[in-house]
Amino acid sequence: MVIVRICLLLAALFVVMPAQAQPAKTLTIGITQFPHTLHPTIDSMAATSYIMGLARRPITAYDADWQLICLLCTDLPTLKNGRAEVVEVSKEVGDGTGRGIAVTYTLPPKAAWGDGTPITAADVLFTWEVGRHPQVGISAAELYRRILDIKVVDDKTFTLVMDRVGFTYNSIGDFGLLPAHIEGPAFRDDPAAYRSRTAYDRAPATPGLWFGPYRVTEVSQGAQVVLERNPAWWGPSPAFDRIIVKAVENTAALEANLLAGGVDMIPGELGLAVDQALAFEKRHGSRFAITYKPSLYYEHLEVPVDLPMFADVRVRRALLHAIDRQSIVDQLFGGKLTVATTRVSPLDWIHHPDLKPVAFDPDAARQLLDEAGWTPGSDGIRRNAEGQALSFPLQTTAGNRTRERVQQVLQAQWRQVGVDAQIRNEPARVLFGETMNKRQFKGAMLFAWISSPENVPRSTLHCDEIPTEANAWTGQNYAGWCDPKMDETIDLIEVELDREGRHVLWRRLQEQLMDGMPDLPLFFRSEPFILPLWLKGLRPTGHLNPSTLWVEQWTVEQ
Amino acid sequence: MTRALRRLGQSVLVLLIMSFVIYGLIGLMPGDPVDLMIATLPNITPADIARLRELHGLDLPIWERWWSWLTAALGGDLGNSRLYGAPVESVIAGPLLRSLMLIAASLTIALAVALPIGILAALRPRGVFDTVANLVAFVGLSMPTFWLGIMLIMLFAVTFGWLPAGGVPQTGAGLVETLRHMVLPVATLAVGTVGQYTRYMRAAMIETLNQDYVRTALAKGAGRWRIVLRHALRNALIPVVTVLALDFGMLFSGALITETVFAWPGMGKLIFDAVMGNDYALALAALLLATAVTLLGNALADAAYGWLDPRIRRGSKAP
C-alpha cells in the first residue's frame with residue numbers, strides 16, 4: 001500500500017502540467033537580484049527601486065521621455081507657476097550665498113496608504129525626521145539635510161525650504177515617503193534600532209506600507225516578492241491581479257525559466273546583458289517581443305590623470321584613437337549600443353549635436369604617442385626617454401563577462417599601437433570599495449556610471465571631489481581630474497535656472513570634455529527587455545527610474 | 001560521560017576559535033560596507049562616513065568588535081543582519097530550512113543509490129557491472145553542477161514542461177508542489193554525490209572482502225551475501241561514514257551553485273552574500289552553524305564507528 005502511495009505521489013510530480021502555468025491574471029517578472037531590504041530609503045539597490053515602482057510612488061520622477069513629472073503631486077513646482085520661489089536663508093548653510101528656494105507640493109487628494117489612511121503632510125514631516133536622524137543610518141541622507149524646513153500648508157500641501165538654489169530644485173525623487181502611522185512608533189521608541197525594527201523588513205505584507213497600484217503580500221527572502229492589487233490605489237486600475245517578482249541570479253537559469261514559463265518577462269533594468277539577449281533573440285526571438293532601450297549607463301575608461309604616464313592629454317587621446325569602438329559595438333553587441341562622444345548621452349536634450357566621437361585612427365594614435373615622447377621599443381612596446389614602458393593594468397569587475405570581452409579587444413587594439421595593457425580584474429567589492437575608491441589604481445579602469453537625465457557631473461569631475469584620505473575618500477572623481485575652468489562651468493550649470501542659458505553652458509562643458517579628455521568614453525549601454533508578445537504598454541526609461549513606476553499602463557493584448 | 005563532556009568542550013573551543021578566525025578574515029577583506037556606499041553615493045560627506053562607521057561599529061578594532069559580538073552572543077543576542085536589517089536568527093531560519101530539505105533529500109537518495117551500486121560493483125571487480133558503475137560514477141563526478149543543473153532545467157522544464165525551472169513554492173503550496181520544486185535541485189546535488197559514494201563504497205568493500213576473516217568465512221561455507229551483509233558491510237561502511245560526516249557540513253554551506261541555478265535561496269547563497277556584503281553578524285552565525293553541523297556530523301560518525309565496529313567503542317587496539 002505504501003509503495004502504491006509513493007508511486008502515485010511520484011506520478012503526480014510529473015503529471016501536473018504545464019509546469020509553470022500561471023493564473024490568467026498573474027504576471028511573473030524574472031530579475032537577477034533580490035533586494036536586501038524593502039525599506040525605501042535605508043539602502044539603495046536597483047532591485048529595491050524596481051519592486052518599489054510597483055508598490056510606491058516617488059513625489060517626482062523622470063518619465064520614459066526623460067522629462068521630470070509629478071507622480072505623487074498635483075503640479076510640478078516651477079518658478080513660473082509660482083510654486084517655487086527664491087528665498088533668503090542663512091549664509092551658514094548650503095552653498096553660502098544666502099539664497100535658498102521654497103518649493104510647494106500638493107499631494108493628490110485621493111492619495112492613501114494601502115490600509116486606507118490618507119497620505120498627508122504629516123507623513124512628509126515624519127519622513128524628513130527619519131531621513132536626517134543621524135542614528136538611523138540612511139546612506140543617502142544629503143537630500144534630507146538640504147531641506148532646512150518643511151512648512152505644512154494644509155493636510156495635502158507642504159513647502160520645502162531648500163538650503164540652495166539649483167536647477168534641480170523641484171526634483172525630489174529620492175524623498176522616500178514613510179507612513180507615520182505605522183513606522184512612527186518603531187522610530188520614536190529607539191531611532192538607533194529603527195533599522196532593524198522597520199515594518200518594511202519585519203512585516204512587509206502590512207498593507208499600510210504601500211501606496212502604489214500593487215501592495216506587497218508575500219516575501220520569500222532571496223526568492224520572490226508577491227504583489228497584489230492595492231484596493232486603496234487612486235489611479236487607473238492595473239491589468240493584473242497579481243505580480244510576482246522572482247529573483248534568478250544565474251542568467252542562463254533565468255533564460256531557462258523564461259522558456260519554461262516560470263517567468264513571463266525579463267526587464268532590462270535587472271536582466272540579461274545585451275550580448276546574452278542577442279544570443280537569446282537568435283534562438284527564440286519569434287516567441288518574445290525584444291527591445292533594446294538605449295540607457296544612461298555610460299561605459300568608459302578612467303585613468304589616473306595625475307600619474308605622469310597619463311598626465312599628457314595626447315596619451316589619453318591616442319588611447320581613444322586606437323580603439324575601434326564602433327566595431328566593438330557592432331561585433332560584440334550587434335550594433336545595439338551607442339558610441340559615446342562624451343559622458344552626455346545623445347538622447348539627453350543637453351547633448352551637443354556638433355561634436356562627434358573621436359575617430360578610430362591607429363595612425364593618429366601612433367603620431368600622438370610619438371609626439372608625447374613614447375617611441376616604440378625593440379619589443380614593440382613604447383617607452384619614454386627614461387625607458388619606462390607604456391604598460392599599465394587594465395581593470396574591471398571580475399566575472400562581468402561583457403566587460404571582460406571588451407577588455408580583450410581593448411588590449412589587442414592598444415597592442416597594435418605599442419601600448420601594453422595587462423588585464424587585472426578584481427571582485428566588485430574590492431574594485432569599488434578599495435582600489436577605485438581609494439585611488440589605488442595605476443592604469444585604466446573600465447566601468448559605468450548610471451545617472452538621471454541632465455545629470456551634473458560635479459561628483460565625478462570637480463576638483464573638490466577627488467577622493468583623498470583627508471576627505472575620508474568621499475567624491476567620485478577617481479581619475480583625479482582637476483580643471484578650474486571646468487569647475488566654473490559645473491558651478492554655473494548647477495545654479496542656472498534658465499533652460500536656454502543652461503543649454504549654452506552644457507555645450508561649453510561638452511567642448512571642455514572633448515578638449516581635456518578626463519576620461520575615455522566608450523559607449524552608452526542598452527537595456528534589453530524581453531517581453532511576452534501579449535504584454536503592451538511597457539515603456540522602458542533607460543535611466544534610474546524603473547519602468548514599473550508606470551505599471552498601471554501595462555495592458556494585456558487578448 | 002567524561003568522553004562526551006570532553007568532546008563538548010573541544011567543540012566549544014573550536015567554535016570559539018572559528019568565530020575569531022571568521023571575524024578576522026572578513027575584517028581583512030578589502031572594502032568595508034561604508035567604502036562600498038561611498039562608491040554609489042555621490043553626495044555622501046566625510047561626516048556621513050564617520051556617522052555610518054560608528055553606527056555599524058566599523059570604527060573599532062576588529063578584536064574589540066569580535067569581543068562585543070561574543071559577549072552579546074553568549075547572552076543569546078546574535079545581533080542584527082546589516083544587509084537585511086533583521087535579527088540574524090530570523091534571516092537564517094528560512095534558508096536553513098530550505099538547505100536542510102535539499103541536503104536531507106539529496107543525501108538520502110545518494111546513499112540509497114550509491115551504497116548498493118558500490119557493493120555490487122565490489123563483488124566482481126572489473127566485471128561488466130563494475131565497469132558500467134565506474135563509468136557512471138565518473139560521469140556523475142565529472143559533470144559541473146551548474147552545467148548539469150541547466151541541462152536538467154532545459155530537459156524537464158523547457159522541453160517536457162514537467163517540472164518548474166526553479167524558485168521556491170509560494171506560501172501555502174501543498175506537498176506535491178513543494179516536491180516538484182525540489183526534484184531538479186535535489187537531482188543535481190545527488191548526481192555528483194552518488195558518484196562519489198559509489199567509488200568509496202566500492203573501494204572499501206573490495207578491501208574488506210580481501211580480509212582474512214572473509215576468506216575464512218568463505219572457507220567455512222558461509223553464503224556470499226550473508227558474508228557481505230552480515231560481516232563485510234559494517235567494516236566497509238567506516239570510511240564511507242567518515243566522508244559522509246565531513247560532507248555534511250560542506251553540503252550545508254557549499255550548495256551555492258545549485259541554489260543559484262535553481263533560485264533556491266539556501267544557506268550557501270546566504271553565506272556568500274553575507275561575506276561579500278561584510279555582514280559580520282550574519283556571516284558569523286551562518287558559518288558557525290556550518291561548523292557546528294560539521295562537528296555534530298563528526299560526533300555522529302564517532303558514534304557510528306562504535307556501532308559498526310565495537311572494538312572502536314571499547315578502545316581496543318588491533319592485534
Identify, please: which residue in region B:3-61 is of a type in the set (D, E, K, R) and free of Cβ contacts under 8 Å to residues at least 24 places away in the same chain and is, among those, nearest to B:LEU74 (Cα to Cα)? B:ARG6
Do we find a residue being in contact with a Lys or Arg (Cβ under 7 Å, 6 or more places away or on another chain), assigned to a strand (DSSP E or B), crowded, with 17+ Cβ neighbours inside 10 Å and modelled with pLDDT of 95 or more anywhere in region A:514-521? yes
Considering only region A:201-209, I want to know if a residue exists there that is of a type in the set (Lys, Arg), within 11 Å of chain B (Cβ to nearest Cβ) and part of a helix (DSSP H, G or I). yes
Would you be able to tell me the number of residues in region A:229-255 that are within 12 Å of chain B (Cβ to nearest Cβ) and either charged (D, E, K, R) or not in a loop (DSSP other than H, G, I, E, B) (or both)? 11
Tally the residues that are more than 9 Å from every other protein chain (Cβ to nearest Cβ), touching a residue at least 40 places away in the same chain (Cβ under 8 Å), surrounded by fewer than 17 Cβ atoms within 10 Å (Cβ to Cβ) and over 25 Å from A:PRO108 (Cβ atoms), restricting the search to region A:123-154. 1
Out of B:GLY94, B:GLY140, B:GLY118, I need the residue that is assigned to a helix (DSSP H, G or I), at pLDDT below 90, surrounded by 14 or more Cβ atoms within 10 Å (Cβ to Cβ) and away from chain A (no Cβ under 14 Å). Which one? B:GLY140
Check on B:VAL240, within 14 Å of another protein chain (Cβ to nearest Cβ) and buried (at least 17 other Cβ atoms within 10 Å of the Cβ): no
When you go through A:THR460, A:THR468, A:THR541, A:THR548 one by one, which is the residue that is under 28 Å from A:ARG314 (Cα atoms) and buried (at least 20 other Cβ atoms within 10 Å of the Cβ)? A:THR460
State all residues of region A:138-195 that are touching a Gly at 6+ places or on another chain (Cβ under 9 Å) and part of a helix (DSSP H, G or I); if no residue qualifies, say none. A:LEU143, A:TYR144, A:ARG145, A:ARG146, A:HIS181, A:ILE182, A:ALA192, A:TYR194, A:ARG195
If a residue must be in contact with a helix residue (DSSP H, G or I) (Cβ under 8 Å, 6 or more places away or on another chain) and in a helix (DSSP H, G or I), how many such residues does region B:78-91 contain? 3
Test of understanding: among A:VAL305, A:VAL263, which residue is in a loop (DSSP other than H, G, I, E, B), within 14 Å of another protein chain (Cβ to nearest Cβ) and buried (at least 19 other Cβ atoms within 10 Å of the Cβ)? A:VAL263
Is it fair to say A:ARG215 is among the basic types (Lys, Arg), under 15 Å from A:GLY114 (Cβ atoms) and modelled with pLDDT of 90 or more? yes
Look at B:ARG180 and say whether it is out of contact with any Lys or Arg (no Cβ under 8 Å at 6 or more places or on another chain), within 26 Å of B:THR260 (Cβ to Cβ) and of a type in the set (D, E, K, R). yes
Got at least one residue in region A:267-287 being more than 25 Å from the chain's Cα centre (by Cα), modelled with pLDDT under 95 and outside any helix (DSSP H, G or I)? no
Would you mention how many residues in region B:165-203 are part of a loop (DSSP other than H, G, I, E, B), out of contact with any strand residue (DSSP E or B) (no Cβ under 6 Å at 6 or more places or on another chain) and either β-branched (Val, Ile, Thr) or more than 8 Å from every other protein chain (Cβ to nearest Cβ) (or both)? 4
Answer yes or no as to whether A:ASP348 is within 18 Å of A:VAL504 (Cα to Cα) and either outside any helix (DSSP H, G or I) or in contact with a strand residue (DSSP E or B) (Cβ under 9 Å, 6 or more places away or on another chain) (or both). yes
Out of all the residues in region B:20-33, is one or more part of a helix (DSSP H, G or I) and acidic (Asp, Glu)? no
I need the full set of residues from region B:203-225 which are surrounded by fewer than 16 Cβ atoms within 10 Å (Cβ to Cβ) and more than 20 Å from B:ILE117 (Cβ to Cβ), in order please. B:GLN211, B:ASP212, B:TYR213, B:ARG215, B:THR216, B:LEU218, B:ALA219, B:LYS220, B:GLY221, B:ALA222, B:GLY223
From the list B:LEU5, B:LEU52, B:LEU102, exactly one residue is within 14 Å of chain A (Cβ to nearest Cβ), in a helix (DSSP H, G or I), farther than 22 Å from A:SER196 by Cα and out of contact with any Lys or Arg (no Cβ under 7 Å at 6 or more places or on another chain). Which is it? B:LEU102
Among the residues that make up region A:472-494, is at least one of them polar (S, T, N, Q), surrounded by fewer than 18 Cβ atoms within 10 Å (Cβ to Cβ) and part of a loop (DSSP other than H, G, I, E, B)? no
Of all residues in region A:372-402, how many are out of contact with any Pro (no Cβ under 9 Å at 6 or more places or on another chain) and crowded, with 21+ Cβ neighbours inside 10 Å? 6
In this structure, does A:ASP163 turn out to be surrounded by fewer than 24 Cβ atoms within 10 Å (Cβ to Cβ), in contact with a helix residue (DSSP H, G or I) (Cβ under 9 Å, 6 or more places away or on another chain), at pLDDT below 90 and within 13 Å of chain B (Cβ to nearest Cβ)? no
Per-region count, region B:57-77, residues surrounded by fewer than 17 Cβ atoms within 10 Å (Cβ to Cβ), within 33 Å of the chain's Cα centre (by Cα) and not in a helix (DSSP H, G or I): 5
Looking at region A:104-113, can you tell me whether even one residue there is in contact (Cβ under 8 Å) with a residue 60 or more places away in the chain, on the phi > 0 side of the Ramachandran plot and buried (at least 16 other Cβ atoms within 10 Å of the Cβ)? no
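The values are calculated or read from the model by the stated rules, or taken from the named source; none is laboratory data. A quick note: this is a predicted structure, and the numbers were derived from the prediction, not measured. As a convention, Cβ positions derive from the backbone with ideal geometry for all residues, glycine included, and neighbour counts pool all protein chains shown.
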